[in-house]
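**Student:** Have a look at this one.
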Amino acid sequence: MRIFLKVWRQATPRDRGGFVDYTAENISPDMSFLEMLDVVNESLIVKGQDPIAFDSDCREGICGTCGFLVGGVPHGPDPGTSVCQLHMRRFKDDDRLVLEPWRARAFPVLKDLVVDRSAFDRIIQAGGYTSVNVGGAQDANLILVAKTASDKAMDSAACIGCGACVAACKNASAALFTSAKVAHLAFLPQGQPERATRVVAMVERHDAEGFGSCSNEGECEAVCPKEIPITNIAHMNREYLRAMLVTRD
Amino acid sequence: MQLDSKTPGGPLAEKWDRHRFESKLVNPANRRKYTIIIVGTGLAGASAASSLGELGYNVLSFCIQDSPRRAHSIAAQGGINAAKNYQNDGDSIQRLFYDTVKGGDYRSREANVYRLAHLSVNIIDHCVAQGVPFAREYGGLLDNRSFGGAQVSRTFYARGQTGQQLLLGAYQSMMRQVEKGSVKSFSNREMLDVVLIDGQARGIVVRNLNTGAIERYAGHAVLLCTGGYGTAYYLSTNAVNSNVTAAWRAHRRGAFFANPCYTQIHPTCIPVSGTEQSKLTLMSESLRNDGRVWVPRTSGDKRPPKQIPEAERDYYLERRYPSFGNLVPRDVASRNAKAVCDEGRGVGDSGLAVYLDFQDAIERLGDEVIRGRYGNLFDMYSKITDDDPYSVPMRIYPAIHYTMGGLWVDYNLMSTIPGLHVLGEANFADHGANRLGASALMQGLADGYFVIPYTLAHYLGSATLPAVTTDHDAFKASEAAVQERIDLLLSVKGSKTPRQLHRELGGLLWDEVGMARNEAGLRKTLERIPQLRDEFWQNVSVPGPKNNLNKNLEYAGRVADYLEFAEVLTLDALHRQESCGGHFREESQTPDGEALRDDANYSYVAAWEFQEVGKAPHLHKEPLTFEYVKPSQRSYK
């Protein structure tokens, strides 16, 4: 296969950046999208040119490191797929693809397709946990969790924190990311003691980091590689409202 | 130097409690005066950062990823063992201990393994309290499944994403400490040197991967939690950024490297396809709970699997190992897969694959139950291969997955450099020559949550640690050396990419230091590695700037370290003229092809001391003694 690429190149965070054309030759349909980019980069390195910077790590869709826009869509055209699991058999010979980094004020571009997502860490830091210290836990089976609650918690906890939801949202909202953690812990008995304080702290931090508001378009759900549903956001809004009505310390 | 494991005295079951009591403590008001540097944020690193932060130490946490949540522990699928005996099927701490020592082919330290089994139950309690969404029964109790090398169900799991959920639990606990100010998190930092002052580990030098700046950090102790060295083989199930650099730099500073030849080759991975493949993907061992492994009975049978009648299939694991069946340990399953493929009975285009078939389980339980248990794994498989495992058997083949070898540590997890502690996969101690499934998560978390808080306090409470700053000459010298190496990489301006050289090294190691090893092949490899290293330093191409984000420069540095490390890996495999666990020497096998140990000559830990690049390291031996489990020929028949 041969693929024509238009790739965003930006040397530093302050650089203006722009698109550069590349041709990926001799691409096998069984390659992953990132392996195709590896081939392009190998040819650049041999010529002594700076390869295209993009992030990736596990390359099996679980670490959340990779991600950029393929033809305007976060992680590319396949539903429920991170770009490392997107395979070239999805494309046709001589396809033309535009690759861009996530675009959001809270995710500044570091270089080429790499952005700074540390704002996600700071949202978790604000309250995405149960405040238990090592050493004091009771026997695990003393906490009963209904299978349905545990399954729902797991559905939300499956978020990989890649940032595709933010990139897809016209408001650059991280509501899906934030709500997935809020919902995961709200479903479980272990999350109850801090239920109210957690959601408020996380939502406030979300806003302070410069993410926008949710306006219920559902773009986030459509591109999420883990198919986290937008019902999490509704859940978070209910939790937030509830927290506003109960006493806050 | 005499290796002292510092194993406490007394009966096995009481050693850890006794040790905890005899260890020194640091009082709560003094803890914040100690700065602890933790490198790596996988299960071991993140759990250590959170537990030490909770205790009040001043923790500096570093990772190469853009967030601590992305460390490669996140990719672990199947589960975590704990001797809870919730299933009433005969489990106990004693049995988990026994299974692990036997599974490791009697090449681990008994006292360490017992401690691990003992702590396994606390890990589950803590992780449940954190809100890790483990699988549940309908009554609300925790569910379990079975893993290889065990005849009980002691594995706790969160679908096929157990590592992800445990890591997020540890990461969230760590971030809670970041919010409180007791932990400072430094992402996008790669450790390039350990700084020793008066022989003690007192700091690190890192490269800021976003800006290229070289930074110095000082502390009272350094904890390396940087994982294994599986990517030396180029293709492995490890993440593409996993590397040996931090451990290797520590080795060059005096930390002994133990048993590097003990590498784990996981039997159930998606087979290699094409030459540009960048990594291999694991299909969890838990699949062998319901999947049956088979190949055609006759070699060269190329019919599609559905057209091969039952009588012409060879369920070779069930046939050879009736009592463990498809759930034999990983080393045994991998060797058998290789053997049937060597006989020409392998399947798929390459002939380097065997079937993992769910037909019987689907008929017995239905699609939905199987989807509930393994849905995400089946999805992952069909994305990569374009096959549907619900209707066609999976094709699988062994791949490098984990490394039991690592930096030598004593019972306190301290290396041969005072103050330098090594946790998780980066150390060597608990799994012997073969790790059982669902034990890596257990060990990483045991080390970080429950061992290091005690043993580190003992070190801090007993060592003399004068005040140092990053202006010390040792920091300056270290930074200069790091800078010089980076300049050297950039100055070669050759015509080969780091990836080409890495792939060549990996292919060599996989062929000669992989599933089966022999003297001639190992000797040939030892001649070839220095040639490859020379070629690297004469002909590598590393374009781009040093003072900016430059992933190719990072990668080149890691490949350079692999080209040094590969020699001690191969040398260790050559010197150990026995087969044990994942280390299979063709010269040492039983009449029916099983690994044949040589306890009279090799019942020891091989710890290698660095001399200089290109010069053979010096071998030190820590004898292994077995008081409670009598070593015998391992049998799963």
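**Student:** Tally the DSSP beta bridges in chain B and give the antiparallel ones as a percent, rounded to 5.
**Tutor:** Details: 44 of 63 bridges.
If I count the DSSP bridges inside chain B, around 70 percent turn out antiparallel.
**Student:** Which listed residue (B:Leu43, A:Val134, B:Val482) has the Cα farthest towards the positive end of the charge dipole for the protein assembly as shown, taking +1 on Lys and Arg C-beta and -1 on Asp and Glu C-beta about the Cα centre?
**Tutor:** Of the candidates, A:Val134 comes out farthest on the positive side.
**Student:** Given a 1.4 Å probe and the protein chains all in place, what does the accessible area of A:Cys165 round to, in Å² to the nearest 10?
**Tutor:** Estimated to the nearest 10 Å², A:Cys165 gives 20 Å².
**Student:** Calculated from DSSP H runs of 4 or more alone, at -39500 (n - 2.57) each and per residue, what is the 222 nm mean residue ellipticity of the protein assembly as shown, nearest 500?
**Tutor:** Values: 26 runs with 315 residues, N = 886.
Mean residue ellipticity, 222 nm, calculated: -11000 deg cm²/dmol.
**Student:** In the stretch B:131-156, what residues drop by 30 Å² or more of accessible area when the other protein chains are put back, versus the chain on its own? Use 1.4 Å, and skip ligands and nucleic acids.
**Tutor:** Listed in order, they are B:Gly131, B:Pro133, B:Arg136, B:Tyr138, B:Gly140, B:Leu141.
**Student:** If you don't mind, another one. Filter A:Lys181/B:Lys279; A:Lys147/A:Lys226; B:Lys493/B:Lys546; A:Lys47/B:Lys524; A:Lys111/A:Lys181; B:Lys338/B:Lys615 down to the pairs with a C-alpha to C-alpha distance above 25 Å, please.
**Tutor:** Numbers: A:Lys181/B:Lys279 30 Å; A:Lys147/A:Lys226 21 Å; B:Lys493/B:Lys546 14 Å; A:Lys47/B:Lys524 33 Å; A:Lys111/A:Lys181 29 Å; B:Lys338/B:Lys615 34 Å.
Long pairs (Cα-Cα over 25 Å): A:Lys181/B:Lys279; A:Lys47/B:Lys524; A:Lys111/A:Lys181; B:Lys338/B:Lys615.
**Student:** Can you give the FRET efficiency for B:Lys615 and B:Phe21, using 1/(1 + (r/R0)^6), R0 = 35 Å, r = Cβ-Cβ distance, to the nearest 0.05?
**Tutor:** Working: r = 44 Å, r/R0 = 1.26.
The calculated FRET efficiency here is 0.20.
**Student:** Additional query: With a/c under 1.5 counting as rounded, go ahead and sort the stretch A:1-119 into rounded, prolate or oblate using the C-alpha gyration tensor (a ≥ b ≥ c being the square roots of the eigenvalues; past the cut-off, prolate if a/b is larger than b/c, else oblate). Each step should come with its number before you reach the end.
**Tutor:** Values: a/c = 1.64, a/b = 1.18, b/c = 1.39.
Taking the square roots of the gyration eigenvalues as a ≥ b ≥ c, the stretch A:1-119 is oblate.
**Student:** Enter the accessible area per residue of the stretch B:478-637 (Å², integer; probe 1.4 Å; all protein chains in place). Could you put the intermediate results ahead of the total?
**Tutor:** Working: 6540 Å² over 160 residues.
Spelled out: the 1.4 Å probe surface of the stretch B:478-637, per residue, equals 41 Å².
**Student:** Set Lys and Arg Cβ to +1 and Asp and Glu Cβ to -1, take the dipole of the protein assembly as shown about its Cα centre, and tell me which of A:Leu241, B:Gly593, A:Ala158 lies farthest positive.
**Tutor:** So the residue furthest toward the plus end is A:Leu241.
**Student:** Just give the residues from the stretch A:6-52 buried by at least 30 square angstrom of accessible area in the all-chains context relative to the isolated chain, probe 1.4 Å, and say none if nothing qualifies.
**Tutor:** Listed in order, they are A:Glu35, A:Asp38, A:Glu42, A:Ile45, A:Val46, A:Asp50.
**Student:** Shifting gears a bit: R0 = 56 Å: FRET efficiency of B:Met1 with B:Asp511, Cβ-based, nearest 0.05?
**Tutor:** Working: r = 35 Å, r/R0 = 0.62.
Efficiency at R0 = 56 Å is approximately 0.95.
**Student:** Related question: Quick check on chain A: take the gyration tensor over C-alpha atoms, sort the square-rooted eigenvalues as a ≥ b ≥ c, and tell me if it's rounded (a/c under 1.5), prolate or oblate. Before the final figure, lay out the partial values.
**Tutor:** Details: a/c = 2.38, a/b = 1.99, b/c = 1.20.
Taking the square roots of the gyration eigenvalues as a ≥ b ≥ c, chain A is prolate.
**Student:** Show me, for the stretch B:305-314, the HN-Hα J-couplings you get by feeding each phi into the Karplus relation (A = 6.51, B = -1.76, C = 1.60, θ = phi - 60°), rounded to Hz, glycine and proline as x.
**Tutor:** For the stretch B:305-314, the Karplus-derived couplings read x, 5, 8, 8, x, 3, 5, 9, 9, 10 Hz, x marking Gly and Pro.
**Student:** Here is a further query. Using only Cα atoms, tell me the angle between helix B:162-180 and the longest principal axis of chain B; keep it within 0 to 90° and round to the nearest 10.
**Tutor:** Tilt of helix B:162-180: around 20 degrees.
**Student:** Next up: Leaving out ligands, DNA and RNA, what percent of the accessible area of the stretch A:118-245 is carbon and sulfur, probe 1.4 Å?
**Tutor:** Numbers: 2540 of 4940 Å².
The nonpolar share, carbon plus sulfur, comes to 51 percent.
**Student:** What's the angle, to the nearest 10 degrees (0 to 90), between helix B:473-491's Cα axis and the longest principal axis of chain B?
**Tutor:** Once rounded, the angle reads 50 degrees.
**Student:** If you don't mind, there's one more thing I want to ask. Taking a ≥ b ≥ c as the square roots of the Cα gyration tensor eigenvalues, with a/c under 1.5 meaning rounded and otherwise prolate when a/b beats b/c, else oblate, which class fits the protein assembly as shown? All intermediate terms of the calculation are to be shown ahead of the outcome.
**Tutor:** Values: a/c = 1.12, a/b = 1.07, b/c = 1.04.
Since a/c stays below 1.5, the shape of the protein assembly as shown is classed as rounded.
**Student:** Give, ordered by residue number, each residue of the stretch B:347-394 whose 1.4 Å probe accessible area is reduced by a minimum of 30 Å² on adding the remaining protein chains to the chain alone.
**Tutor:** Residues shielded by partner chains are B:Met380, B:Lys383, B:Ile384, B:Asp386.
**Student:** To make sure I understand the rule: partners must be lysines, Cα under 18 Å from the Cα of B:Lys33, and not fewer than 8 residues away in the same chain. Which ones qualify?
**Tutor:** By straight Cα distance, B:Lys33 reaches B:Lys24, B:Lys180, B:Lys184.
**Student:** What's the center-to-center distance, using Cα atoms, between the stretch B:412-453 and the stretch B:587-637 in Å?
**Tutor:** So the separation of the two Cα centres works out to 19 Å.
**Student:** Given R₀ = 30 Å, FRET efficiency for A:Asp207-A:Ser131 by Cβ-Cβ distance, to 0.05? Don't jump to the answer; show the numbers that get you there.
**Tutor:** On the way: r = 22 Å, r/R0 = 0.75.
The computed FRET efficiency comes out at 0.85.
**Student:** Let me ask another. Calculate how many DSSP beta bridges within the protein assembly as shown are antiparallel, expressed in % of all such bridges and rounded to the nearest 5.
**Tutor:** Details: 58 of 82 bridges.
For the protein assembly as shown, the DSSP antiparallel bridge percentage is about 70.
**Student:** Please list, ordered by chain and number, the residues whose modelled amide H lies under 5 Å from the amide H of B:Phe186; skip anything fewer than 5 residues away on the same chain.
**Tutor:** Placed amide hydrogens put B:Ser61, B:Phe62, B:Cys63 under 5 Å from B:Phe186.
**Student:** B:Ala29 to B:Thr464: extension gain in nm, 0.36 nm per residue of separation minus the Cα-Cα distance?
**Tutor:** 154.8 nm
**Student:** Mean separation of Cα pairs under 8 Å and 6+ residues apart, divided by the residue count of chain B: what relative contact order is that in percent? Could you put the intermediate results ahead of the total?
**Tutor:** Working: 1389 pairs, mean separation 129.5, N = 637.
It comes to 20 percent, rounded to a whole number.
**Student:** Per residue, how many Å² of accessible area does chain A show with a 1.4 Å probe?
**Tutor:** On the way: 9870 Å² over 249 residues.
I get 40 Å² per residue for chain A.
**Student:** With the full set of protein chains in place, find how many percent of the accessible area of the stretch A:3-110 is carbon and sulfur; take the probe as 1.4 Å.
**Tutor:** Details: 2060 of 4220 Å².
Carbon and sulfur atoms account for 49 percent of the accessible area of the stretch A:3-110.
**Student:** Alpha carbon centre of the stretch A:49-83 versus the stretch B:10-70: separation in Å?
**Tutor:** Centre-to-centre (Cα) distance: 34 Å.
**Student:** With all protein chains present, how much of the accessible area of the stretch B:267-398 (probe radius 1.4 Å) comes from carbon and sulfur, to the nearest whole percent?
**Tutor:** Numbers: 2520 of 5110 Å².
The C+S portion of the solvent-accessible surface of the stretch B:267-398 is 49 percent.
**Student:** Can I ask one more? Between A and B, buried accessible area summed over both sides at probe 1.4 Å, in Å² to the nearest 100?
**Tutor:** Working: alone 13050 and 23530 Å², together 30270 Å².
Roughly 6300 Å².
**Student:** Run through the DSSP bridge list for the stretch A:3-110 and note the antiparallel percent, rounded to the nearest 5.
**Tutor:** Numbers: 12 of 17 bridges.
The antiparallel proportion sits near 70 percent.
**Student:** Treating the angle as unsigned and between 0 and 90°, give the value, to the nearest 10°, between the Cα long axis of helix B:43-55 and the longest Cα principal axis of chain B.
**Tutor:** 40 degrees
**Student:** Now for a separate question. Calculate the length of the line joining the C-alpha centroid of the stretch B:129-163 to that of the stretch A:229-244, in whole Å.
**Tutor:** 29 Å
**Student:** Putting +1 on Lys and Arg Cβ atoms and -1 on Asp and Glu Cβ atoms, find which of B:Leu501, B:Val568, B:Leu553 reaches farthest to the positive end of the dipole of the stretch B:473-602.
**Tutor:** Of B:Leu501, B:Val568, B:Leu553, it is B:Leu553.
The values are calculated or read from the model by the stated rules, or taken from the named source; none is laboratory data. Just so you know, these numbers come straight off a predicted model, no measurement behind them. Neighbour counts are summed over all protein chains in view; Cβ atoms, including those assigned to glycine, are modelled from backbone coordinates with ideal geometry. What goes into the accessible areas is simple: the full protein's heavy atoms, side chains included, and nothing from ligands, DNA or RNA. Shrake-Rupley method; radii C 1.70, N 1.55, O 1.52, S 1.80 Å.
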